[in-house]
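First up is the structure itself, then whatever we jot down about it.
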Amino acid sequence: MKDKEIIGIINVLKPPGMTSHDVVGFIRRTLEIKKAGHTGTLDPGVAGVLPVCLGKATRIIEYISDDIKEYRAEVTFGRSTDTHDGFGETLRTQDASALTETKVREALLNLVGRQSQVPPMVSALKFKGRKLYELAREGIVIERKPRTIQVYKIDIIRCQGFGTPNPKVLFDIKCSKGTYVRTICHDIGEQLGCGGFMSFLIRIGTGRFKISRSMLLEEIRRMARFNKIHEAVLPLEKALPFERVWIYDEAVKFVQRGNRIYLPGVKKLPGSLEENQLVKLMNKNIGCLAVARVVYDKKSEESLEEKIRYTFQPVKVLC
């Protein structure tokens, strides 16, 4: 296979035990391509949705990596660890049998909204070119600045073990990029006074990529062997979460040169547009040409009234 034959995104179900970089390496080797990149790191011990962009689709990673993330997580109370998950060293233990479902539900549901969060040391954030988790393995602790995150929704799936020393709660969370669910579990345990850690995590969605339509590595290998991998690749235009602006064939060469496109070159517009909005420029014969920014071009008429015209400035040419 050649890079030019595969352009799009594969919704991979990353297994636990592999780094996100390992998964990208597997895709490159299996599909015999050079260009591939993931849209958001998953910890090695975590499984879940990992979209991998292929060929020229790597150019749109920045536009889909900020998508809302969805996880299913479990918090276990009565123990806190230095990594905020079950793999770390125990910092303290405490009998949490006095904890009630009502208190835990209230604490979790109160997390919905904007808040500050200090990233854990066991994260892929970098300090002077090195990942924090690498420094943590050497016993080095770096001061981390709090970051603003947003929790959009929390659904509690199951509560169990209440009345025992280590009750557990399974929940789904929808949150912004950069949210550390392990830290949420740790902070809830501290808030409730008994300690807590993340005992399970799987990413069930990122943007329009859902776990129900993700593919195992072995499935990808099998489809590649029988030259059916194109059936698993999502085209660029379907992955980009922007409105479509259709342009005439005559305007294609201007897009390819990065020139601004004016209304005479536009065949069809969406219902409404706003200044600085990102759109995808489409052509019926080629497909998705570019990501462009909406720019208003205001010109005075004889009546002295301003007529607002849409123009489209390509910011990422894809063809």
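The values are calculated or read from the model by the stated rules, or taken from the named source; none is laboratory data. Computed from a prediction, not measured in an experiment: that's the story for all the values here. Quick reminder, even Gly has a Cβ in these numbers, built from the backbone with ideal geometry, and neighbours come from all protein chains shown.
Of everything in segment 119-153 that's of a type in the set (Asp, Glu) and outside any helix (DSSP H, G or I), which residue is modelled with the highest pLDDT?
Here the answer is Glu143.
Evaluate segment 14-35: report whether one residue or more is farther than 21 Å from Ala239 by Cα, modelled with pLDDT under 90 and more than 11 Å from the chain's Cα centre (by Cα).
No, that holds for no residue.
Given the residues Ile211, Ile229, which is the only one that is over 22 Å from the mean Cα position of the chain (by Cα) and in contact (Cβ under 8 Å) with a residue 12 or more places away in the chain? Quick ask: steps written out before the conclusion?
Details: Ile211 fails: over 22 Å from the mean Cα position of the chain (by Cα).
Going through Ile211, Ile229 in turn, the sole match is Ile229.
Every residue, every condition in (1) of a type in the set (D, E, K, R); (2) out of contact with any helix residue (DSSP H, G or I) (no Cβ under 8 Å at 6 or more places or on another chain), yes or no:
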residue: Leu50; (1), (2): no, no
residue: Ala57; (1), (2): no, no
residue: Glu70; (1), (2): yes, yes
residue: Ser80; (1), (2): no, no
residue: Gly86; (1), (2): no, yes
residue: Leu91; (1), (2): no, yes
residue: Leu99; (1), (2): no, no
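Ser272: farther than 30 Å from Thr164 by Cα, of a type in the set (Ser, Thr, Tyr) and not in a helix (DSSP H, G or I), yes or no? Break it down stepwise before answering.
Values: farther than 30 Å from Thr164 by Cα: yes; of a type in the set (Ser, Thr, Tyr): yes; not in a helix (DSSP H, G or I): yes.
So Ser272 fits the description; yes.
Name the residues in segment 2-13 that are surrounded by 13 or more Cβ atoms within 10 Å (Cβ to Cβ), modelled with pLDDT under 95 and not small (Gly, Ala, Ser), would you?
We begin by selecting, within segment 2-13, every residue surrounded by 13 or more Cβ atoms within 10 Å (Cβ to Cβ); these are 3, 5-13.
Now restrict to residues that are modelled with pLDDT under 95: 3, 5-8.
Of everything in segment 2-13, those that are surrounded by 13 or more Cβ atoms within 10 Å (Cβ to Cβ), modelled with pLDDT under 95 and not small (Gly, Ala, Ser) turn out to be Asp3, Glu5, Ile6, Ile7.
May I ask you to say which residue of Thr81, Thr76 is crowded, with 20+ Cβ neighbours inside 10 Å, touching a Gly at 6+ places or on another chain (Cβ under 8 Å), farther than 22 Å from Arg137 by Cβ and among the hydroxyl-bearing types (Ser, Thr, Tyr)?
Thr76
In segment 205-231, how many are in a strand (DSSP E or B), in contact with a helix residue (DSSP H, G or I) (Cβ under 9 Å, 6 or more places away or on another chain) and surrounded by fewer than 20 Cβ atoms within 10 Å (Cβ to Cβ)?
The number of residues fulfilling the criteria is 1.
Which of the strands (runs of 3 or more DSSP E) contained wholly in segment 15-118 include at least 3 residues that are touching a residue at least 40 places away in the same chain (Cβ under 8 Å)?
47-54, 69-77, 79-81, 90-93
Taking interchain pairs and intrachain pairs at least six residues apart, which have beta carbon atoms under 7 angstrom, with the first residue in segment 304-319 and under 23 Å from Ile6 (Cα atoms) and modelled with pLDDT of 95 or more and the second charged (D, E, K, R) and assigned to a strand (DSSP E or B)?
Val315/Arg293
Have a look at Ala96, Ala124, Ala107 and point out the one that is under 19 Å from the mean Cα position of the chain (by Cα) and either of a type in the set (Gly, Ala, Ser) or farther than 30 Å from His21 by Cβ (or both).
So the residue among Ala96, Ala124, Ala107 that is under 19 Å from the mean Cα position of the chain (by Cα) and either of a type in the set (Gly, Ala, Ser) or farther than 30 Å from His21 by Cβ (or both) is Ala124.
Just one of Glu62, Glu89, Glu106 is of a type in the set (D, E, K, R), closer than 30 Å to Ala136 by Cα and outside the structural domain of Met215 (by TED's automatic domain parsing); which is it?
Glu89
Considering only residues of segment 141-190 that are within 11 Å of Leu111 (Cα to Cα) and among the β-branched types (Val, Ile, Thr), which is farthest from the chain's Cα centre (by Cα)?
For segment 141-190, the residue satisfying everything is Ile188.
In segment 89-103, is there at least one residue being surrounded by 15 or more Cβ atoms within 10 Å (Cβ to Cβ), hydrophobic (A, V, I, L, M, F, W, C) and more than 24 Å from Pro146 (Cβ to Cβ)?
Taking every residue of segment 89-103 in turn, at least one turns out to be surrounded by 15 or more Cβ atoms within 10 Å (Cβ to Cβ), hydrophobic (A, V, I, L, M, F, W, C) and more than 24 Å from Pro146 (Cβ to Cβ).
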